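Read through the structure below, which is laid out as structure tokens, and then see the notes.
The values are calculated or read from the model by the stated rules, or taken from the named source; none is laboratory data. Just so it is clear, the structure is predicted and the values come from calculations on it, not from any experiment. No Cβ is skipped: glycine too gets one built from the backbone with ideal geometry, and neighbour counts run over all protein chains shown. In case anyone asks, the SASA skips ligands and DNA or RNA and just uses the protein heavy atoms, side chains included. Shrake-Rupley method; radii C 1.70, N 1.55, O 1.52, S 1.80 Å.
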Amino acid sequence: MNETFDILVIGGGINGAGIVRDASGRNLKVCLVEKNTVGSATSSWSTKLIHGGLRYLENYEFRLVRESLKEREVIKKIASDITTPIPFIIPYQKSLRPKWLIKLGLFLYDNLGGKMTIPKSSTINIKNEFPNILKDQYKTGFQYYDLQIDDKKLVELNVKDAEKKGATIIENREVIRANRNKNVWDIILDDNTLLKTKILINAAGPWINDTLTKVLKQNSKKSIRLVKGSHIITKSLYRQKKAFTLQNEDSRIIFVIPYKDEYSLIGTTETEVFSPENPKIDNSEIDYLINSVNKYFIKQISGDDVVSSYSGIRPLIEDFKEASKVTRDYVFDLNEDNSQAPLLNIYGGKLTTYRKLAENVILTLKNHIDVDSNDSWTADHKL
Ligand SMILES: Cc1cc2nc3c(=O)[nH]c(=O)nc-3n(C[C@H](O)[C@H](O)[C@H](O)COP(=O)(O)OP(=O)(O)OC[C@H]3O[C@@H](n4cnc5c(N)ncnc54)[C@H](O)[C@@H]3O)c2cc1C
């Protein structure tokens, strides 16, 4: 390829996909390189929710929750074919979070994001709504809504639209080397293809720092924590199209979510790991998830009920807190030393905030690209 791209993105997860869609819609020459197929890593191993993140309110992450709630509304509009609003029930348990705290959290959740088309929260009688599902001691519940999404499809739709708008999408090719010059990066793929780009974006998810130090040979200014999250899948534990948010003694929460008509998706765990490669569930995670369910449900499950499982790695920004409290927000590291072509590293993030993240990437690069950063368009164009 002889052309020089304006932007080349390493990594076809949701963040890379969102960035190439946004940039190609602004008439920039964009290329995405993904070492496997798009959406095949972290972005398809998620809990598959577009959510405000009720739990993050406890960590005072109001900015993130507000942005996520607003994005939930946008994604409901632009990706209506692959999203479904779904009620979540928090069974009240006296020894855990007090009623006033849950109600305060839900009040903020209902209001922080502004005007919503998603139903507001309410208090429910569990015995009436879920007879013979939860144990007798769970009588009161709190109901709120979030969106269920086909996470992989979300990546694919973004990439398809980018391609339609002229982006070059290269799958099954790994970026293995790069040379940084004054105005241009030389990017070398594993089949020796040479690509040239004015700006390089590293959106390699859990591989971000490996890519930065081993492939791009640049210093990493930020540390990340790799936190594995696993899910188990069982035959449906109940018929209603409602999900449960189960509180645990360790303050963590576990979701039980209806999945593909006849299954329940149960997750997630948080275990620190040291490599992003081939994450797999281990026995202690299976036990943890099973115990959480058995504490609440009348029907008791065991390892024999697990029909499938999957694990993903959260690339979280190191802020030296316990795994469940580490921020899920995203952070940019723009390396724009004047004597060299710019590099933007994308740390953290969520499926939910990918579109806004992409918009903010364009804003961050405004001194290097010829676009009007006020010309944001992705919130109004269906995927
Ligand atoms: C268990 C779990 C549950 C989650 N649940 C939710 C949820 O319900 N809702 C939500 O909003 N968020 C959720 N998240 C967060 C969300 O899934 C991630 O933030 C998001 O998917 C990360 O996307 P990404 O594009 O950064 O990374 P990835 O999807 O991992 O993409 C990075 C890509 O880079 C590629 N790559 C790496 N190195 C190279 C190279 N040298 N050359 C070419 N390609 C390369 C990889 O192959 C990979 O495909 C969850 C995360 C986990 C782990």
It is to be established whether one or more residues within the range 341-358 are more than 27 Å from Lys152 (Cβ to Cβ) and open to solvent by 30 Å² or more (accessible area, probe 1.4 Å).
no
Which residues, taken from the range 132-161, are more than 19 Å from the chain's Cα centre (by Cα) and either part of a loop (DSSP other than H, G, I, E, B) or within 14 Å of the ligand (Cβ to nearest atom) (or both)?
Asn132, Ile133, Lys135, Asp136, Gln137, Tyr138, Lys139
Which of (1) open to solvent by less than 10 Å² (accessible area, probe 1.4 Å); (2) within 25 Å of Gly349 (Cβ to Cβ) does Phe130 not meet, given it meets every other one?
(2)
Is it true that some residue in the range 305-315 is modelled with pLDDT under 90 and under 30 Å from Glu249 (Cα atoms)?
yes
For the range 244-259, which positions are modelled with pLDDT of 95 or more and out of contact with any Leu (no Cβ under 9 Å at 6 or more places or on another chain)?
Leu246
Of the conditions (1) open to solvent by less than 20 Å² (accessible area, probe 1.4 Å); (2) assigned to a loop (DSSP other than H, G, I, E, B); (3) assigned by TED's automatic domain parsing to the domain that holds Gln143, Gly52 clears all except one; give me its number.
(3)
From the option list Glu58, Glu67, Glu71, single residue qualifying as of a type in the set (Asp, Glu), more than 30 Å from Asn278 (Cβ to Cβ) and more than 12 Å from the ligand (Cβ to nearest atom) is Glu58
Per-region count, the range 32-46, residues surrounded by fewer than 20 Cβ atoms within 10 Å (Cβ to Cβ) and either closer than 23 Å to Pro119 by Cβ or not small (Gly, Ala, Ser) (or both):
2
Return a yes/no flag: does the range 130-145 have any residue that is aliphatic (A, V, I, L, M) and closer than 18 Å to Glu73 by Cα.
no
All conditions in (1) within 30 Å of Asp136 (Cα to Cα); (2) outside the structural domain of Val293 (by TED's automatic domain parsing); (3) of a type in the set (A, V, I, L, M, F, W, C) are true of Leu96 except (2)
Scanning the range 12-31 for residues that are open to solvent by 10 Å² or more (accessible area, probe 1.4 Å), outside any helix (DSSP H, G or I) and within 16 Å of the ligand (Cβ to nearest atom) gives Gly13
List pairs: first residue in the range 340-361 and under 20 Å from Arg225 (Cβ atoms), second residue more than 13 Å from the ligand (Cβ to nearest atom) anywhere in the structure, Cβ distance under 6 angstrom, at least six positions apart or on different chains.
Asn345/Asp333; Tyr347/Lys222
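In this structure, is Ile208 surrounded by 15 or more Cβ atoms within 10 Å (Cβ to Cβ), more than 12 Å from the ligand (Cβ to nearest atom) and not assigned by TED's automatic domain parsing to the domain that holds Tyr288? Walk me through how you get there before you give the answer.
On the way: surrounded by 15 or more Cβ atoms within 10 Å (Cβ to Cβ): yes; more than 12 Å from the ligand (Cβ to nearest atom): no; not assigned by TED's automatic domain parsing to the domain that holds Tyr288: yes.
So Ile208 fails the test.
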